[in-house]
Amino acid sequence: IDIMNWRKIEMTERTLAIVKPDGVNQKKVGEIIRRIERKGYDIIAIKMLQADEKLLRQHYAELVGRPFFPGLLKYMMENEVVAMVVEGDNVVKGWRTLMGTTNPTEATPGTIRGDFGRDWPGDEVRNVVHGSDTPENAEREIKLWFPELKR
Ligand code: IDP
C-alpha cells in the first residue's frame, strides 16, 4: 500500500450540508452548490425534502431546551430544504468556513451566511445553511438525513 494514498484516505471526511428554507426561497441552491464544487468537494448524495418535527428534534437534540428552539423549528419547516452529503479533505471545517459564523450580521462578507443571511428584527435568525460541527456529528447527522445511504 502506497503510504501517500493511505494518508489521503485517512484525511477524507464527509459532512452534512443543508440549504435551509431561506436559501431555497432566495434561489441560492445553485450558487451554494457552485461554491462547494469550486472548493473541490464532492457531493455524494443530494435530495430535496420537507423536514418534519421528529427529524429536527433529533437533528438539533442539543438545542431542544433553548428559548429560540420553537422559532428554529418553524424556520426549518417553512419550505423544503436541500440536504447533501459532501466529501473531501477536512470538509467538516472547510464547509463551516464557506458557511461563515452562526449570526449572519457578524458573518464575514464572502461567506454564504455573510452574503445571503438575514437577521430579521423581532424574528428568528435566518442563516441559509447548516453544516455539521465535528466528524462524529457528521456521521450521526448523515445517518439521520440519509438512512438510505449504504456507505
Ligand atoms: P451553527 O448552525 O452555526 O452550527 P448552532 O449553535 O449549532 O449553530 O445552532 C444551530 C442553529 O440554531 C443555528 O444555525 C441557527 O439557525 C439557530 N440558532 C442558534 N443560536 C440561535 C440564537 O441565539 N437565536 C436564534 N437562532 C439560533
| Looking at Gly71, is it surrounded by 19 or more Cβ atoms within 10 Å (Cβ to Cβ) and either within 10 Å of the ligand (Cβ to nearest atom) or part of a strand (DSSP E or B) (or both)? | no
| free of Cβ contacts under 8 Å to residues at least 60 places away in the same chain, among the charged types (D, E, K, R) and within 16 Å of the ligand (Cβ to nearest atom), is that true of Arg38? | no
| message | On the basis of being in contact with a helix residue (DSSP H, G or I) (Cβ under 9 Å, 6 or more places away or on another chain), without any contact (Cβ under 8 Å) to a residue 40 or more places away in the chain and not aromatic (Phe, Trp, Tyr), does Ala138 make the cut? | response | no
| task | Taking Arg66 as meeting all but one of (1) free of Cβ contacts under 8 Å to residues at least 24 places away in the same chain; (2) away from the ligand (no atom under 14 Å from the Cβ); (3) closer than 20 Å to Gly117 by Cβ, write down the number of the exception. | result | (2)
| note | When Ala61 is run through (1) within 14 Å of the ligand (Cβ to nearest atom); (2) surrounded by fewer than 16 Cβ atoms within 10 Å (Cβ to Cβ); (3) in contact (Cβ under 8 Å) with a residue 24 or more places away in the chain, the failure sits at (3)
| remark: Among the residues of segment 98-115, the number that are at negative phi and either assigned to a loop (DSSP other than H, G, I, E, B) or out of contact with any helix residue (DSSP H, G or I) (no Cβ under 7 Å at 6 or more places or on another chain) (or both) is 10
| Arg35 is checked against (1) closer than 23 Å to Glu148 by Cβ; (2) touching a helix residue (DSSP H, G or I) at 6+ places or on another chain (Cβ under 6 Å) and fails just one. What number does that condition carry? | (1)
| Which of the following residues is in contact (Cβ under 8 Å) with a residue 24 or more places away in the chain, farther than 13 Å from Val86 by Cβ, aliphatic (A, V, I, L, M) and surrounded by 15 or more Cβ atoms within 10 Å (Cβ to Cβ): Ala17, Ala45, Ala51? | Ala51
| Tally of residues being outside any loop (DSSP other than H, G, I, E, B) and either surrounded by 22 or more Cβ atoms within 10 Å (Cβ to Cβ) or away from the ligand (no atom under 14 Å from the Cβ) (or both) across segment 84-97 | 9
| said: Regarding segment 110-127, can at least one residue be identified that is buried (at least 20 other Cβ atoms within 10 Å of the Cβ) and more than 12 Å from the ligand (Cβ to nearest atom)? | reply: yes
| Would you pick out the residues in segment 1-55 that are in a loop (DSSP other than H, G, I, E, B) and modelled with pLDDT of 95 or more? | Lys20, Gln26, Lys27, Lys28, Lys39, Gly40, Tyr41, Gln50, Ala51, Asp52
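The values are calculated or read from the model by the stated rules, or taken from the named source; none is laboratory data. What you are looking at is a predicted structure, and each value in this text was computed from that prediction instead of being measured. Glycine gets a Cβ as well: all are built from the backbone with ideal geometry, and neighbour counts include every protein chain shown.
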